[in-house]
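The structure appears below as structure tokens.
The values are calculated or read from the model by the stated rules, or taken from the named source; none is laboratory data. Note that the structure is predicted; figures quoted are calculated from it, not measured. So basically every Cβ, Gly included, is an ideal-geometry build from the backbone, and we count neighbours across all protein chains shown.
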Amino acid sequence: MTEESNYFMDLLFRPAEAELFSAPEVLLAMTISTLLSFILSVVYRTTHRGTSYSQSFILTMFVMSIATAVVMMIIGSNIARAFSLVGALSIIRFRTAVKDPRDTSYLFASMIGGMGCGTQFYMAAIMMTLFISGLVLVLYALDYGIKGKLESILRITFVCSNNDPQDQIEAHLGRSFRNFRMINRILDFGPDEATNVYVVRPGPSTDHSAVEQGLREIEGVVNLSVYQSDQHAPF
């Protein structure tokens, strides 16, 4: 191997605590930070679910990683610079709320990658990025953590008369779901009407379409609403 390639390999994989950095060293740290952020951004874009996707978040990952790499180089082992940086950053107020906990983890991983590049721990930063990216892709492919069926909210409005259909409604729910419980009852919803709100837990063979059809056939039921959550959606 040539002397230039030996120098590059030594620069790439040796940890160092240096007070001054040359232009090639700064450029190398920013370049590797960008490449690691690119890997994380591809994994994030591929595995993202829900409606909170934002292109600006992808760009933020790159900026955070590169800025962290450079700021770690600037601080080095100088305590005075570290405290000065904390004081300067305290002026900035971050008002953007993170909608998805996964977004926080990606930002944190991006910052750690930048810290590794800024302190010349390139091997640790590269291994972390590749390991996390591989793990997330595997978990995404396996759909790990998904539950078979979640509880649903069932809202039934019916006419209150001498032949109150509540007993028929709850008998039908008992036959259709694994278990159910009423969590609210609204008596002033309309003239001679009441609304019961149930939490229902479906069983393995529960057919929601058949359940809804059976409830609508009960005399006195005038309205039916089912609320189901998306397990892939962010909080």
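Determine if the stretch 204-219 includes at least one residue that is under 22 Å from Val159 (Cβ atoms), touching a residue at least 40 places away in the same chain (Cβ under 8 Å) and of a type in the set (D, E, K, R).
Within the stretch 204-219, the subset under 22 Å from Val159 (Cβ atoms) is 211-219.
Right, trim to touching a residue at least 40 places away in the same chain (Cβ under 8 Å) and you get 214-215, 218-219.
Still in the list and also of a type in the set (D, E, K, R): 219.
Within the stretch 204-219 (the criterion being under 22 Å from Val159 (Cβ atoms), touching a residue at least 40 places away in the same chain (Cβ under 8 Å) and of a type in the set (D, E, K, R)), the answer is yes, since at least one residue qualifies.
For Val138, the criteria (1) surrounded by 10 or more Cβ atoms within 10 Å (Cβ to Cβ); (2) at pLDDT below 80 hold in every case but one, which is (2).
Filter the helices (runs of 4 or more DSSP H) completely within the stretch 1-117 down to those with at least 3 residues that are under 24 Å from Leu130 (Cβ atoms) and modelled with pLDDT of 65 or more.
3-13, 23-47, 55-75
Look at Arg155 and say whether it is modelled with pLDDT of 80 or more, basic (Lys, Arg) and surrounded by fewer than 17 Cβ atoms within 10 Å (Cβ to Cβ). Yes, satisfied.
Out of all the residues in the stretch 204-221, which are surrounded by 13 or more Cβ atoms within 10 Å (Cβ to Cβ) and on the phi < 0 side of the Ramachandran plot? Quick ask: steps written out before the conclusion?
Of the residues in the stretch 204-221, the ones surrounded by 13 or more Cβ atoms within 10 Å (Cβ to Cβ) are 206, 208, 211-212, 214-215, 218, 220-221.
Within the stretch 204-221, Thr206, His208, Val211, Glu212, Gly214, Leu215, Ile218, Val221 meet the criteria.
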